[in-house]
Amino acid sequence: MVKIATWNVNSVKARLPNLLAWLGDAAPDVVLLQEIKCVDDAFPRMEIEDLGYNLAVHGQKTYNGVAILSKGPLDDIRRGLPEGDGDDHARYIEAVASFGDLVLRVASIYLPNGNPVDADPVGSAPFSDKYRFKLAWMDRLRRHAQATLALEEPTVFGGDYNVIPTADDVYAPDAWREDALFRLESREKFRAIIHLGLTDAYRALHPDETRAYTFWDYQAGAWQRDNGLRIDHLLLSPQAADLLTACDIDKAPRGREKASDHTPIWCELQRP
């Protein structure tokens, strides 16, 4: 089996002790990190490489930043989503990870939040710049995913999508209707990506599960009340979905001291 996880760590420096402890306990083969919030040179390479991981990092000072950790060698590393003229956000990194007879293409994705949705009252556009950027970014991701799927390789697009797919994926749907994470436009574009032929690994194995969340806000006792959202996803190509044997959410890291507001979600693929 090859175990692949995604986790928005909300600053790799601030969460490094938690990250190292989780890597030791969970022993994933591939980890897709988001919001590392540091430039490449500041990433804690030595500590993570000492645990047996190869690294590919696409960082940014203070904001964003994505990385791939792999116990197998990493090749064909690509930083940034195509069609990115004028986009200086470090939100996408892709690589090929090899595990003997299983060769995987993996991508770590940190999709824009998009809030606030409403445009400035004096603006002429129906939505804010941030929300329009999110929707356009999702269109770019869909086009890139379509091109990647044409390669017919086992592929995992994992990360913080900042999209709540359905009402079953949020503790209070009505309260989130106008939020960029749950707006109809966001959900429609997420479904358009899925409909390319991708499989939501968690929903494939837990079709009826409710209150299965990957994010709990720091405010208003959200963690203690289990007021969460499922916004971190592992989307699998048909070739990867055929190998899927398990997928679950690991809530333990969210309960630790100085925790990220996200928790890891992982899946296992059987070797051919």
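Exposure proxy check: Ile77, Ile193, Ile249 ranked by fewest other beta carbons within 10 Å?
Ranked by crowding around the Cβ, least crowded first: Ile77, Ile249, Ile193.
Which one of Ala192, Ala125, Ala212 has the biggest mean-square fluctuation once the chain is modelled by GNM with Cα springs under 10 Å?
Result for the chain, Cα springs under 10 Å: Ala125 fluctuates most.
Using a 7 Å offset from the Cα along the Cα-to-Cβ direction at both Ala119 and Leu205, what is the distance between the two label points in nm, to one decimal?
If labels sit at Ala119 and Leu205, their model points lie 4.5 nm apart.
Only one of the values [x] 1.11; [y] 1.03; [z] 0.94 was calculated from this structure for Rg/Rh (Cα atoms, Kirkwood Rh); name its label.
Looking at Rg/Rh (Cα atoms, Kirkwood Rh) for this model, the match is [z].
Mind giving me the nanometre distance, one decimal, between the label points for Asp101 and Arg78, set 7 Å out from Cα along Cα→Cβ?
Output for this residue pair reads 2.8 nm.
Just to confirm a number: summing +1 for Lys and Arg and -1 for Asp and Glu over residues other than Val106 whose beta-carbon lies under 13 angstrom from that of Val106, what do you get?
Its environment carries a net charge of -1.
Taking R0 as 22 Å, what FRET efficiency do you get between Glu188 and Arg225 from their Cβ-Cβ distance, rounded to the nearest 0.05?
With R0 = 22 Å, the Cβ-Cβ based efficiency is 0.15.
Could you list, by residue number, the cysteines of the chain that have no other cysteine's beta carbon within less than 4.7 Å of their beta carbon?
Cys38, each lacking another Cys Cβ under 4.7 Å.
Per-residue HN-Hα couplings for the stretch 25-30, Karplus 6.51 cos²θ - 1.76 cosθ + 1.60 at θ = phi - 60°, whole Hz, x for Gly and Pro?
Running phi through 6.51 cos²θ - 1.76 cosθ + 1.60 with θ = phi - 60° gives 6, 7, 6, x, 7, 10 Hz.
Please list, by residue number, every one of the trypsin sites (Lys or Arg not before Pro) in the stretch 182-272 that is coil in DSSP and has at most 11 other beta-carbon atoms within 10 Å.
When the trypsin sites (Lys or Arg not before Pro) of the stretch 182-272 are filtered for loop state and at most 11 Cβ neighbours within 10 Å, Lys258 remain.
Note down the net charge around Leu236, summing +1 for each Lys or Arg and -1 for each Asp or Glu among other residues with Cβ under 10 Å from its Cβ.
With Lys, Arg at +1 and Asp, Glu at -1, the neighbours total -2.
How large is the charge dipole for the stretch 2-269, taken about the Cα centre, if only the Cβ atoms of Lys, Arg (+1) and Asp, Glu (-1) carry charge, to the nearest 20 debye?
360 debye
Give a residue-ordered list of calculated ³J(HN,Hα) values for the stretch 7-18 (Karplus: 6.51 cos²θ - 1.76 cosθ + 1.60, θ = phi - 60°; whole Hz; x for Gly, Pro).
7, 7, 7, 6, 5, 5, 5, 5, 9, 4, x, 5
Please identify the GluC sites (Glu not before Pro) of the stretch 187-272 that satisfy two criteria: DSSP loop assignment and at most 12 other Cβ atoms within 10 Å. Which are they?
Glu257
From a point 7 Å beyond the Cα of Lys130 in the direction of its Cβ, which residues of the stretch 145-182 have a backbone N at a distance under 20 Å?
Inside the label zone: 160-165, 175-182.
With unit charges on the beta carbons (Lys and Arg positive, Asp and Glu negative) and the dipole taken about the Cα centre of the chain, which residue among Ala42, Ala167, Thr6 sits farthest to the positive side?
The listed residue farthest towards the positive side: Ala42.
What net charge is computed for the residues neighbouring Trp176, neighbours being all others with C-beta under 13 Å from the C-beta of Trp176, Lys and Arg scored +1, Asp and Glu -1?
-2
Apply the Karplus curve 6.51 cos²θ - 1.76 cosθ + 1.60, θ = phi - 60°, to the phi angles in the stretch 215-220 and return the couplings in whole Hz, x for Gly and Pro.
9, 9, 4, 6, 8, 6
Averaging over all projection directions, find the projected area of the Cα convex hull of the stretch 28-89 and quote it in nm² with one decimal place. Intermediate results must be reported in sequence, preceding the final value.
Working: hull surface 18.1 nm².
Approximately 4.5 nm², given one-decimal rounding.
For the chain, what number of Lys pairs, 8 or more residues apart or on separate chains, have alpha-carbon atoms under 13 Å from each other?
The number of close lysine pairs in the chain is 6.
Read-outs: derived from the displayed coordinates by stated rules, not from any lab. Keep in mind the model is a prediction, meaning the values are calculated, not measured. In this analysis, Cβ positions are derived from the backbone assuming ideal geometry, glycine residues included, and neighbour counts consider all displayed protein chains.
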